[in-house]
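A short write-up of the structure that comes next.
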């Protein structure tokens, strides 16, 4: 892989991860707690349902971009180092969580909310609570995984790519 392609793919991946990670933190740790504490139900839930559904699309696009950059990196060089495999694997796990949340959890939460479910009240409310807890878990897992992706990018980028292992000298050969 040329240095220019390596830098460009890292830049695209890191920008996608930064948007995705920053959005998760901003919504989950800042916006949602404030909205739910200041705006009365059901309006707070209405608003945050729309916000999270829109962010799900952003997160899935960012996940796709990050995965595409990993595919480009894998196809552009003959050897894919362990650090590259680790980064690609962690990126894939984070992407899986984002897609699961965006395609399964959030639509079901929105459906239950639209149907009048209230968390922990009756069967629908218990299901809403269960799904909400799963969505929170996915979001937290994505934050940890994405932070790891950033670290793995930094480590991989600071490690020389084209370093060949030292040539082995057969034992018993004079040096």
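The values are calculated or read from the model by the stated rules, or taken from the named source; none is laboratory data. All figures in this text were calculated on a predicted structure; none of them were measured in a lab. Virtual Cβ from ideal backbone geometry, glycine too; neighbours counted across all protein chains shown.
Summary table below
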{"item": "Single residue of 77, 57, 81, 108 found to be at pLDDT below 95 and touching a helix residue (DSSP H, G or I) at 6+ places or on another chain (Cβ under 8 Å)", "result": "81"}
{"item": "Residue selected from the stretch 52-81 under the condition surrounded by 15 or more Cβ atoms within 10 Å (Cβ to Cβ) and more than 13 Å from the chain's Cα centre (by Cα), by the criterion nearest to residue 117 (Cα to Cα)", "result": "52"}
{"item": "Residue check, residue 90 more than 22 Å from residue 48 (Cα to Cα), part of a helix (DSSP H, G or I) and in contact with a helix residue (DSSP H, G or I) (Cβ under 6 Å, 6 or more places away or on another chain)", "result": "yes"}
